[in-house]
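Below is one structure, written out as structure tokens, with a few remarks after it.
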Amino acid sequence: MNHWIVAPIVLPAILAPFIIMVLRYHLDLQRIFSVAGVVGLLGIALTITAQAASGDIQVYELGNWPAPFGIVLVLDRLSAMMVLLTALLALPIVLYAIASGWDDRGKHFHALFHFQLMGVCGAFLTGDAFNLFVFFEVLLIASYGLMTHGGGAVRLKAGVQYVAYNLLGSTLFLFALGTLYAVTGTLNMADMAVRVAELPAEDTALLRVGAVLLLLVFCIKAAVLPLHFWLPASYANAPLPVAALFAIMTKVGAYSILRMYTLGFGPEVEATQGLVGAWLQPAALVTLAIGAIGILGAQHIARMVAFCAIASMGTLLVAISLFTEAATGAALYYVYHSTLATALMFLVADLVVERRGGAIAPTAPMPQSGLVSALFFVGAIALAGMPPLSGFIGKLLVLDAARDAPDANAIWAVVLIGSFVTIVGLARAGTLIFWKSHDAQHIGDGSQGDVAEQPAPEPNPALALTSVFGLVLGLVLLTLFAGPALTYATKTAEQLYTPDAYISAVLGGEE
């Protein structure tokens with residue numbers, strides 16, 4: 001077996017407890033090992049992505065137990081792509097957390113950071129639905145610790161709400177898994193796909209219930225309206241470098257929808273045909289619209305960026321809900337863009353908060369205003385989908401893929417109007433934060449509302465800015481190499497919609 005497949009899970013799983021037990025009183029050593037661990041994860045991710053690029057699907061059998069009896073990890077184009085994205089995102093964020101001093105404002109930041117990476121990578125690599133639930137719980141525990149890092153009543157309140165809402169999702173997940181197991185007798189994704197296809201039409205009512213429950217769980221993770229209420233307060237009140245890492249967490253929900261509903265409940269499966277898209281597409285369009293309106297009405301920069309994350313998830317899920325190869329290829333390209341762009345804006349928001357507070361209102365001039373405003377401008381045009389950055393390409397691909405959809409007019413209208421409202425909202429925020437900050441007649445009291453903040457000088461502003469520029473570089477490279485990136489995404493979509501290869505690789509001769 002190829003042991004590289006399990007390495008993205010094992011590395012952070014070993015490093016996190018090592019940091020707690022051995023390095024807990026040595027912050028400098030924690031930082032060194034944490035950065036080295038992320039660099040190692042990036043090297044592993046590049047290795048497995050190169051292996052997956054050939055199109056071969058590789059399986060790692062934990063305990064050497066074959067599927068469907070044992071838990072397996074599966075490496076294909078999609079899982080490799082998502083692990084690589086996680087590693088690419090983690091490196092600038094951990095450097096920024098060190099440079100800004102956020103890792104020193106509470107306990108166990110680096111250990112929790114690596115537990116979070118373990119959960120994310122495990123969710124992307126697992127081939128077992130119950131194991132997906134386990135990794136979701138690892139994500140929940142680690143993200144709660146990171147969310148409340150630094151303390152404060154407002155942050156603790158938001159963290160409790162976040163946990164309560166996600167525990168509801170976990171309960172629904174267990175109900176969904178129990179229902180599907182009762183119908184199919186398995187929780188291995190490939191084996192479930194085989195058994196679902198063999199079910200007689202008259203025995204599929206309970207299966208459809210399980211499929212809908214599972215969709216609800218994934219929509220909670222992806223912050224799809226009306227299941228999005230946890231995200232604005234949670235992301236806005238979390239330490240903003242942590243919120244930048246959370247940009248990948250909503251993608252876990254989108255990934256799970258793609259994985260499960262192209263494999264086990266695909267468009268060609270008669271038992272669940274049309275079930276998912278009929279619910280997901282309208283919800284995604286409304287999510288996009290509400291996210292754009294939230295951007296326009298936000299009074300704090302962190303909350304505004306949280307609504308940007310909701311709007312970008314709406315655009316992504318509109319593409320996914322079409323369940324065609326072209327639309328899925330566009331969605332996968334947009335995954336890379338939206339993750340990097342959202343993380344960039346959260347870090348820019350932290351730069352603003354640390355220098356002048358986060359209220360979207362005129363206040364005293366802040367240090368490095370020109371440089372920070374330029375970074376805000378780059379992030380704004382990226383999130384709004386304006387040329388010349390990759391967001392423009394991603395939205396064009398989504399719109400092009402939707403041309404032949406039954407609701408093409410509605411999709412085009414919502415995406416274009418949502419983009420316009422996003423531009424207006426971000427322009428309003430940029431004007432009030434940067435341009436009017438020198439107008440003494442309009443300086444407010446700097447009130448931050450109910451958003452938790454701890455403005456403090458950055459220990460290493462040069463490294464913090466370098467980390468932010470790293471994300472900008474990622475967006476630029478994604479734009480310049482849009483052709484190869486789209487080719488990989490298209491081939492990934494083709495692999496998703498030919499699930500026989502996945503099933504054969506996992507089950508061997510058993511199917």
(request) Could you tell me which of the residues Gly178, Gly159, Gly151, Gly169 is of a type in the set (Gly, Ala, Ser), in a helix (DSSP H, G or I) and open to solvent by 10 Å² or more (accessible area, probe 1.4 Å)? (result) Gly178
(request) Restricting attention to region 45-69, report how many residues are touching a Pro at 6+ places or on another chain (Cβ under 9 Å) and surrounded by fewer than 21 Cβ atoms within 10 Å (Cβ to Cβ). (result) 0
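Every residue, every condition in (1) among the aromatic types (Phe, Trp, Tyr); (2) within 19 Å of Ala326 (Cα to Cα); (3) in a helix (DSSP H, G or I), yes or no:
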| position | (1), (2), (3) |
| --- | --- |
| Ala364 | no, no, no |
| Val372 | no, no, yes |
| Val378 | no, no, yes |
| Ala382 | no, no, yes |
| Pro387 | no, no, no |
| Gly394 | no, yes, yes |
| Leu397 | no, yes, yes |
| Asp400 | no, yes, yes |
| Arg403 | no, yes, no |
(request) Only residues that are among the charged types (D, E, K, R) and at pLDDT 85 or above: list them for region 195-231, please. (result) Arg195, Arg208, Lys221
(message) List the helices (runs of 4 or more DSSP H) inside region 210-312, counting only whole elements, that have at least 1 residues being without any contact (Cβ under 8 Å) to a residue 40 or more places away in the chain and farther than 23 Å from Leu180 by Cβ.
(response) 275-297
(request) Kindly indicate which of Phe130, Phe135, Phe115 is more than 16 Å from Leu27 (Cβ to Cβ), in contact with a strand residue (DSSP E or B) (Cβ under 7 Å, 6 or more places away or on another chain) and open to solvent by 10 Å² or more (accessible area, probe 1.4 Å). (result) Phe135
(message) With the requirement that a residue be farther than 16 Å from Gln299 by Cα and outside any helix (DSSP H, G or I), what does region 323-359 give you?
(response) Phe323, Thr324
(message) As an exercise: evaluate Val276 against (1) closer than 21 Å to Thr315 by Cα; (2) modelled with pLDDT of 80 or more; (3) buried (at least 22 other Cβ atoms within 10 Å of the Cβ) and give the number of the one condition it does not meet.
(response) (2)
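Residues Thr431, Thr498: which one is assigned to a loop (DSSP other than H, G, I, E, B), among the polar types (S, T, N, Q) and either open to solvent by 70 Å² or more (accessible area, probe 1.4 Å) or modelled with pLDDT of 80 or more (or both)? Lay out the reasoning, then the answer.
Numbers: Thr431 fails: assigned to a loop (DSSP other than H, G, I, E, B).
Testing whether each residue is assigned to a loop (DSSP other than H, G, I, E, B), among the polar types (S, T, N, Q) and either open to solvent by 70 Å² or more (accessible area, probe 1.4 Å) or modelled with pLDDT of 80 or more (or both) leaves just Thr498.
Rundown of residues vs (1) open to solvent by less than 10 Å² (accessible area, probe 1.4 Å); (2) not β-branched (Val, Ile, Thr), yes/no style:
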| residue | (1), (2) |
| --- | --- |
| Val196 | yes, no |
| Phe218 | yes, yes |
| Lys221 | no, yes |
| Val252 | yes, no |
| Ile257 | yes, no |
| Tyr261 | yes, yes |
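The values are calculated or read from the model by the stated rules, or taken from the named source; none is laboratory data. Computed from a predicted structure; not experimentally measured. Cβ: placed from backbone, ideal geometry, glycine included. Neighbour counts: every protein chain shown. Surface areas here come from the heavy atoms of the whole protein model, side chains and all, with no ligands, DNA or RNA. Shrake-Rupley method; radii C 1.70, N 1.55, O 1.52, S 1.80 Å.
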